[in-house]
Amino acid sequence: MSTYSLINICVITLPLILSFDKRVAFFKSWKYIIPSIAITAMLFIIWDSVFTFLGVWRFNPIHVGSAHLLGLPLDEVMFFIIVPYASLFIYDVLKEYVKKDLPERITRYFATTLIVFLIIIATVYHARLYTFICFILLAVTLIIIEYVIKPDYMGRFFMAYGVILIPFIIVNGLLTGTCLDAPVVLYNDSENMGIKLLTIPVEDIFYGMLLILLNVSVYEKLKNIKAKGNI
């Protein structure tokens with residue numbers, strides 16, 4: 001079994017077991033979770049495949065399995081299923097156990113500040129492909145969600161992502177070489193800012209935010225459609 005597969009198994013084990021906890025009963029939401037993950041995973045797998053082809057990053061054959069899909073190790077494909085599942089689990093657990101939400105005014109202020117920051121960085125580093133694409137896509141997504149769709153879950157999302165960042169940094173640290181003899185994922189630093197948190201390119205934090213935000217958005221949309229009796 002590859003190192004990447006072992007990391008994926010460690011990520012999914014506890015959330016999967018606790019999905020059957022009586023209070024949260026996360027398994028009852030699988031009918032929304034599965035399509036949410038599938039839709040978002042398709043987008044990120046395509047993005048990942050293109051960036052791998054362009055040499056923005058590559059995968060260490062020592063730490064990944066031999067099976068591939070669209071030029072990606074199957075371990076990497078599973079990442080876009082396993083990490084969103086674990087993240088949506090954390091998101092739902094916090095909704096159940098932490099009833100207080102961020103005030104809308106603070107949520108809007110934070111989102112706006114983040115959007116401005118993302119656009120500035122994308123402009124400054126427009127020649128760095130990973131930085132530019134990641135930051136612009138997240139900025140556009142936040143603008144659409146915060147100012148066009150205007151959902152009521154953004155405060156919850158920001159709180160949840162703050163918690164999700166803890167295991168996300170641990171997992172990404174392992175994937176980028178922390179505590180390993182060599183990284184699982186090797187980045188071309190000419191395509192990013194070169195700023196790292198431990199061994200993690202700082203872009204990964206915003207890449208992760210976009211991944212989880214899209215999963216949460218589709219998940220909440222599907223639940224909302226169900227609540228209105230349309231499906």
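What follows draws every value from the coordinates through simple rules; no lab data is involved. Predicted model, so just to flag it, every value in this text is computed and none were measured. Because the Cβ atoms are built from the backbone with ideal geometry, glycine has one as well, and the counts that use them run over all protein chains shown.
Taking a ≥ b ≥ c as the square roots of the eigenvalues of the Cα gyration tensor of the stretch 64-196, is the shape rounded (a/c under 1.5), prolate (a/b larger than b/c) or oblate?
Taking the square roots of the gyration eigenvalues as a ≥ b ≥ c, the stretch 64-196 is oblate.
Out of (i) 7, 26, 29, 21, 12, 5, 1; (ii) 7, 31, 38, 20, 4, 0; (iii) 8, 34, 39, 18, 2, 0, which label holds the value of P(r) over Cα pairs in 10 Å bins from 0, in percent that was computed here?
(ii)
Give me a comma-separated list of calculated 3J(HN,Hα) values for the stretch 95-110, in order, Karplus coefficients 6.51, -1.76, 1.60 applied at θ = phi - 60°, integers in Hz, x for any Gly or Pro.
Values per residue, Gly and Pro as x: 4, 6, 9, 10, 7, 7, 9, 5, x, 4, 4, 5, 4, 5, 4, 5 Hz.
So if R0 is 41 Å, what FRET efficiency would Val116 and Leu70 give, r being the distance between their Cβ atoms, rounded to the nearest 0.05?
The pair Val116/Leu70 has a calculated efficiency of 0.75.
What number, in percent, do you get for the relative contact order of the chain if the mean sequence gap of Cα pairs under 8 Å and at least 6 apart is divided by its residue count?
Over the chain, the number comes to 26 percent.
Which order do Ser87, Ser217 fall in if you start with the one that has the fewest other Cβ atoms within 10 Å? Before the final figure, lay out each step's value.
Details: Ser87 25, Ser217 20.
By the 10 Å Cβ count, ascending, the order reads Ser217, Ser87.
So what does the Cα-only Debye profile of the stretch 96-139 read at q = 0.14, 0.21, 0.25, 0.32 Å⁻¹, as log10 I(q)/I(0), no solvent term?
-0.44, -0.66, -0.77, -1.01
Beyond 31 Å between alpha-carbons counts as too far, so tell me which of Lys22/Lys100; Lys28/Lys196; Lys31/Lys99; Lys99/Lys196; Lys28/Lys99 fall in that bin.
Too far apart for the 31 Å limit: Lys28/Lys196; Lys99/Lys196.
If you place +1 on the Cβ of every Lys and Arg, -1 on the Cβ of every Asp and Glu, and leave all else neutral, what size is the dipole of the chain about its Cα centre, to the nearest 20 Debye?
Dipole of the chain, to the nearest 20 debye: 960 debye.
Which FRET efficiency value, to the nearest 0.05, is calculated for Val50 and Met193 with the Förster distance at 22 angstrom and r the Cβ-Cβ distance?
0.65
How charged is the neighbourhood of Leu69? Take every other residue with its Cβ under 12 Å from the Cβ of Leu69, and add Lys/Arg as +1 and Asp/Glu as -1.
Details: positive: none; negative: Asp48, Asp75, Glu76.
That works out to -3.
Find how much the distance from Ala38 to Ile166 grows on full extension, using 0.36 nm per residue of separation minus their present alpha carbon separation; answer in nm with one decimal.
On the way: separation 128, 0.36 × 128 = 46.08 nm, distance 2.42 nm.
Full-extension gain reported as 43.7 nm.
Explain nothing, just the number: relative contact order of the stretch 170-231, from Cα pairs under 8 Å at least 6 residues apart, as a whole percent.
Values: 33 pairs, mean separation 12.4, N = 62.
The value is 20 percent.
Given the C-alpha atoms of the stretch 122-231, compute the convex hull and give its volume per residue in Å³.
Working: hull volume 13.4 nm³, N = 110.
Per residue, the Cα convex hull of the stretch 122-231 comes to 122 Å³.
Using 0.36 nm per residue, how much length does the chain from Ile144 to Thr123 gain when fully extended, once their Cα-Cα distance is taken away?
So the extension gain works out to 5.6 nm.
Give me P(r) over the stretch 1-72, computed from all C-alpha to C-alpha distances, binned every 5 Å, as integer percentages.
The distribution over the stretch 1-72 is 3, 13, 14, 20, 20, 14, 10, 5, 1, 0, given as percents.
Provide the descending list of Cα extents for the stretch 34-89 along its principal axes, expressed in whole angstroms.
So the three principal-axis extents are 30, 21, 16 Å.
For the stretch 103-156, calculate the relative contact order in percent as a whole number, restricting contacts to Cα pairs under 8 Å that are 6 or more residues apart.
Details: 34 pairs, mean separation 21.0, N = 54.
Contact order relative to length: 39 percent.
Taking K and R as +1 and D and E as -1, what net charge do the other residues with C-beta under 13 Å from the C-beta of Phe79 add up to? Please report the intermediate quantities before stating the final value.
Details: positive: none; negative: Asp48, Asp75, Glu76, Asp204.
Taking every other residue near Phe79 into account, the sum is -4.
Using the crude model of +1 on Lys and Arg Cβ and -1 on Asp and Glu Cβ, and no other charge, please compute the dipole size for the stretch 64-170 relative to its Cα centre, in debye to 20.
340
What ranking of Ile9, Ile145 emerges when the number of other C-beta atoms within 10 Å of each C-beta is taken as an exposure proxy, fewest first?
Ile9, Ile145
For Lys221, give me every one of the aspartates and glutamates with a C-alpha distance below 13 angstrom, ignoring sequence neighbours fewer than eight places off in its own chain.
Straight-line reach from Lys221, under 13 Å: Asp152.
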